[in-house]
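The values are calculated or read from the model by the stated rules, or taken from the named source; none is laboratory data. Since the structure is predicted, the reported quantities are computational estimates derived from the model, not experimental observations. Methodologically, a virtual Cβ is constructed for each residue, glycine included, from the backbone with ideal geometry; neighbour enumeration extends over all protein chains shown.
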Amino acid sequence: MAVLPTFTTGQVLTSAAANSMANSGLTYITSTNIGTGTSATVSNCFSSTYDNYRIIIAGVTAGVVDFTIQLTGITGSVYVCQGTYQLSGVSTVNAYAATSTTLPIGTFSATGNNFVQLELSSPNLAKIKYAYMTSNSNLLSSQQGGLVNSTVQSTGFTVAVASGNISGGTITVFGYRKV
């Protein structure tokens with residue numbers, strides 16, 4: 001595994017050092033602070049520069065609700081999800097499968113320590129999109145896989161709660177460097 005170089009003030013940046021940083025695997029694209037409302041939108045974060053993305057949603061406060069994502073420009077019942085979830089303090093692991101107009105990415109609790117990590121493949125390509133999500137809160141932990149059965153090219157997304165409001169937290173988007 002390559003280690004990125006560190007620099008000191010006044011040090012000359014060589015082309016080899018710059019190239020090693022340019023070839024790092026995960027690149028920051030954008031970060032959005034979530035206000036208060038039923039949804040939050042991140043625009044113009046998907047492009048032809050990257051084929052695969054990591055989306056981190058952290059620190060969101062919400063009621064006990066399902067949290068979903070919808071890619072910009074892709075509507076209809078084309079979002080398919082399968083996965084498992086487990087309620088805190090309950091030994092039973094539950095399974096679910098759904099086809100919907102949005103992709104479920106987790107269930108949030110009323111505290112502000114909710115966390116989602118979403119791996120998304122091909123949102124800006126004219127092909128089916130694939131996703132893998134993990135989410136954690138003090139209420140529920142889930143892992144699920146999904147797909148968006150559409151070849152429409154998307155440039156952004158909206159996350160939303162099924163009911164009530166979300167507030168606070170951040171959404172951060174990273175792109176995986178193409179090989």
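Worth a mention:
- Residue within region 106-114 that is at pLDDT 70 or above and more than 18 Å from Ala162 (Cβ to Cβ) present: yes
- Checking each residue in region 132-149 for being assigned to a strand (DSSP E or B) and touching a residue at least 40 places away in the same chain (Cβ under 8 Å) picks out Met133, Ser135, Leu140, Ser141, Ser142, Gln143, Gln144, Gly145, Gly146, Leu147, Val148.
- Subset of region 156-167 (residues that are out of contact with any Cys (no Cβ under 7 Å at 6 or more places or on another chain) and under 24 Å from Thr27 (Cα atoms)): Phe157, Thr158, Val159
- Criterion applied to Ser47, Ser135, Ser141, Ser122 was being in contact with a Phe, Trp or Tyr (Cβ under 8 Å, 6 or more places away or on another chain) and modelled with pLDDT of 85 or more, and the one residue passing it is Ser122.
- The set of residues in region 89-105 that are modelled with pLDDT of 75 or more and over 15 Å from the mean Cα position of the chain (by Cα) comprises Thr99, Ser100, Thr101.
- Whether a residue is at pLDDT 80 or above and among the β-branched types (Val, Ile, Thr) was assessed, and Thr6 does not pass this test.
- Per-region count, region 45-88, residues over 12 Å from the mean Cα position of the chain (by Cα), closer than 15 Å to Ser121 by Cα and surrounded by fewer than 17 Cβ atoms within 10 Å (Cβ to Cβ): 3
- Single residue of region 150-179 satisfying the filter (part of a loop (DSSP other than H, G, I, E, B) and modelled with pLDDT of 95 or more) that is nearest to Val42 (Cα to Cα): Gly156
- Residue-level analysis places Val42 outside the set of residues that are exposed (fewer than 10 other Cβ atoms within 10 Å of the Cβ), at pLDDT 75 or above and β-branched (Val, Ile, Thr).
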